[in-house]
1. Collect residues whose amide H, placed 1.01 Å from N in the peptide plane, falls under 5 Å from the amide H of residue 95; neighbours closer than 5 in sequence don't count.
2. Just to check, using Stokes-Einstein with a Kirkwood Rh over alpha carbon pairs, what's the diffusion coefficient of segment 212-288 at 10 °C and 1.306 mPa s in µm²/s?
3. Would you count, across segment 2-325, every pair of lysines whose alpha carbons are under 27 angstrom apart, provided the pair is eight or more residues apart or spans two chains?
4. Hey, what do the phi angles of segment 125-130 turn into as Karplus ³J(HN,Hα) couplings, whole Hz, using 6.51/-1.76/1.60 and θ = phi - 60°, x for Gly and Pro?
5. Give, as a single signed number, the net charge of other residues whose beta carbon lies under 12 Å from the beta carbon of residue 326, with Lys and Arg counted +1 and Asp and Glu -1.
6. Karplus couplings for segment 110-115 from phi (6.51 cos²θ - 1.76 cosθ + 1.60, θ = phi - 60°), rounded to Hz, Gly and Pro as x?
7. Go ahead and set up a Gaussian network model of the chain, Cα springs under 10 Å, then flag whichever of 148, 12, 247 fluctuates most.
8. When the chain is fully extended, how far beyond the present Cα-Cα distance does residue 145 get from residue 133, taking 0.36 nm per residue of separation?
Amino acid sequence: MIDILLLIAGLALILVGANYLVDGASHVAKRLGMSDFIIGMTIVGIGTSTPEMVVSFASAIKGNADIAVGNVLGSNIFNVLMILGITALFTPIALTSNNIKKDIPFSLLAAFVLCVMGCGTWLDGAAVNSITRVNGIMLLSLFGVFMAYTIYSGSSQAALADGGAAQEELSGSKKLPSVWVSVVMILGGLCGLVFGGDMFVNAASAIARSLGVSDAVIAVTIVAGGTSMPELASCLVAALKKNTDQALGNVIGSNVCNIFLILGGSATIHPLVMNGVKPLDLITLMVSSVLVFLFAFTFKKKSIDRIEGAILVCIYIAFVVLTLRSL
């Protein structure tokens, strides 16, 4: 019971800390003259993945690769199957040509790269499936390419679409907090993330031991669902506001960030042996990514409708049931 309370308390600290960190950093960035678009693609985009980042980095430092990798795997599966599925049930998710040509393929590439690393024993006869420091640096490099291309292409589109209106809106009537308040928010958010992440990882490991299951199973289910709460909340709000493009971008950006940045950074801190990763996890990750790509072309409608959303949710339920039955 105490471990469950610590798990919840740790998650709460992570979520609150991430919120304050993103808000504080956004305020500072606006004072430095950065546009809303760039802030959204960098600070806010990475910010929604901060809980996964903290949990995986803390796990890597402690040498617990099962939670570090399982957290990312489970979060990406949860993001696509549950978050996109539930969002599509609220309102169909329209897909732009940019989503189809760039965003979704990049997400598919990230899933494919992770699956290849998880099949090293079958592909090249490696002793164990692992993400080495060299692999980690490669993943971080891919994240740099993704961010550079996204900012460049997005900035060009925003400039063509908005002209000078964006800067006028940026300097609108909404008053920003003072610099020292923003700095306090950033420092407070970091403290919440650090202490909350440590508490969360320790509690999750203790629960896994008490239940007699592996850290990887706990990470793929409970930990992944908990750290994906920021994405779920933001996507549901976007769906209620009929802003489905934002919901899709949040999920895809988070998934790419999870694999390239978080796993890349975790492996650079400490090589990750993927002993706890099961074929079912990798297959589900790949199937979920391919499905989103295929849904973009079904019936030439370029959207994820309610039926397809229901399919995604059902697949996630089946994944959880199969995971628990394998214990």
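Each value in this text was obtained by applying a stated rule to the coordinates, not by laboratory testing. For clarity, every value in this text was computed on a predicted model and none was experimentally measured. We place every Cβ from the backbone using ideal geometry, glycine too, and count neighbours over all the protein chains shown.
1. 303, 304
2. Here the translational diffusion coefficient equals 111 µm²/s.
3. Lysine pairs satisfying the spacing and distance rule in segment 2-325 number 25.
4. Karplus values, whole Hz, x for Gly and Pro: x, 5, 5, 9, 7, 8.
5. That works out to +1.
6. Going residue by residue, I get 4, 5, 5, 4, 5, 5 Hz, with x marking Gly and Pro.
7. Among 148, 12, 247, the largest mean-square fluctuation in the Gaussian network model of the chain belongs to 148.
8. 2.5 nm
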